[in-house]
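Undergrad: This structure is in structure tokens; I'll ask about it shortly.
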Amino acid sequence: MQVETVVVPVAGDASFLMNCYLLSDETEPGHLLVVDPGDQAQAILAAIGERQVEGIILTHGHFDHIGAVQRVVEATGAEVMAHTDEVRFREELAALGNGSPGNQSFGRQRPMPAVQRLLTDGDLVAVGQLSLEVVHTPGHSPGSICLYDRLSGQLISGDTLFFGSMGRTDFPGGSMASMRNSLARLAQLPDDVSVYPGHDRPTSIRQEKQSGYLCG
Ligand SMILES: [Zn+2]
Ligand SMILES: [Zn+2]
């Protein structure tokens, strides 16, 4: 799997960066999956260029991961995919209204984009010969997912696992108990798996076992 990182300043804030990933298979370089178009649609579309976007996958629904979804959909016509628990949870939050503590504690809330394909644990998302496995890793949010390419040993980890850190669990829908289970699952992956988080630099399963965030 070819992983390209588009580093995106969220809401133009150069101190708040997130990673949008463009994923492709070496045998079909003209076809892409876009993970977490968080903001700055123009920069993301420029990075996509003439290539065909086969799908947009959201690791979760926080505002810093979804800000450019609408514009990337309009420009590419690609379908949006997210875990079913994330979609359901965000619908519940939205039903509570903006005045609810749950919504306010996100600080800057954005409505969840329309999702055409609901994902569950173990689902496969394919582009070319690339087949990405959906790993449900709740904890940071109820429907947080990681995307695992077994063949190349690469994991897109969203806001679950970072370089020397793990995702916060104090947002609405967060759970430390779930996060522990999710990290224990990731610890089962081979040590040499490369990890591409939603923020900051890449890491590996081995590195995070040494950091103490993965017990295994
Ligand atoms: Zn998040
Ligand atoms: Zn984030």
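The values are calculated or read from the model by the stated rules, or taken from the named source; none is laboratory data. Because the structure is a prediction, the values reported are computed rather than measured. With ideal geometry, Cβ positions are generated from the backbone for all residues, glycine too; neighbour counts draw on all protein chains shown. Surface areas here come from the heavy atoms of the whole protein model, side chains and all, with no ligands, DNA or RNA. Shrake-Rupley method; radii C 1.70, N 1.55, O 1.52, S 1.80 Å.
Undergrad: Over the chain, what is the mean sequence separation of C-alpha contacts under 8 Å (at least six apart), divided by residue count, expressed as relative contact order in percent?
TA: Across the chain, relative contact order equals 15 percent.
Undergrad: What are the ³J(HN,Hα) couplings of the range 74-90, residue after residue, when phi is run through the Karplus curve with 6.51, -1.76, 1.60 and θ = phi - 60°? Round to Hz, x for glycine and proline.
TA: Once rounded to whole Hz, the list reads 4, 7, 10, x, 6, 7, 9, 10, 7, 5, 4, 5, 5, 4, 5, 5, 5.
Undergrad: Here's another thing I want to ask about it. For H140, H199, give the ranking by accessible area with the largest first, probe 1.4 Å.
TA: The most accessible residue leads, giving H199, H140.
Undergrad: With a point put 7 Å past each Cα toward its Cβ, work out how far A184 is from S211 in nm, to one decimal.
TA: About 2.1 nm separates the two model spin labels.
Undergrad: Let me check something: with ligands and nucleic acids excluded, how do D64, D121 order by accessible area (1.4 Å probe), largest to smallest?
TA: Descending order: D121, D64.
Undergrad: With springs only between Cα atoms under 10 Å apart, run a GNM on the chain and tell me which of S141, S152, S194 wobbles the most.
TA: So, out of S141, S152, S194, the one fluctuating most is S152.
Undergrad: Also: Over the Cα atoms, compute the radius of gyration (one decimal) and Dmax (the largest Cα-Cα distance, rounded to a whole number) for the range 2-211, in Å.
TA: Every Cα atom of the range 2-211 included, Rg and Dmax give 15.9, 49 Å.
Undergrad: Taking amide H atoms as placed 1.01 Å from N in the peptide plane, list the residues 5 or more away in sequence, or in a different chain, whose amide H sits under 5 Å from that of A68.
TA: Under 5 Å from the amide H of A68: G38, D39.
Undergrad: With only Lys, Arg, Asp and Glu charged, each at its Cβ (+1 for the first two, -1 for the last two), find how big the charge dipole of the chain is about the Cα centre; round to the nearest 20 debye.
TA: Its charge dipole is roughly 520 debye.
Undergrad: Taking a probe of 1.4 Å, how large is the accessible area per residue of the chain, in Å²?
TA: Each residue of the chain exposes 43 Å² on average to a 1.4 Å probe.
Undergrad: In deg cm²/dmol, rounded to 500, what helix-only [θ] at 222 nm does the chain give when every DSSP H run of at least 4 residues adds -39500 (n - 2.57) and the total is split over its residues?
TA: So the helix-based figure for the chain works out to -7000 deg cm²/dmol.
Undergrad: When the Karplus curve 6.51 cos²θ - 1.76 cosθ + 1.60 is applied with θ = phi - 60°, which whole-Hz ³J(HN,Hα) does each residue of the range 12-23 get, with x for Gly and Pro?
TA: After applying 6.51 cos²θ - 1.76 cosθ + 1.60, I find x, 8, 5, 9, 10, 9, 10, 9, 9, 10, 10, 10 Hz.
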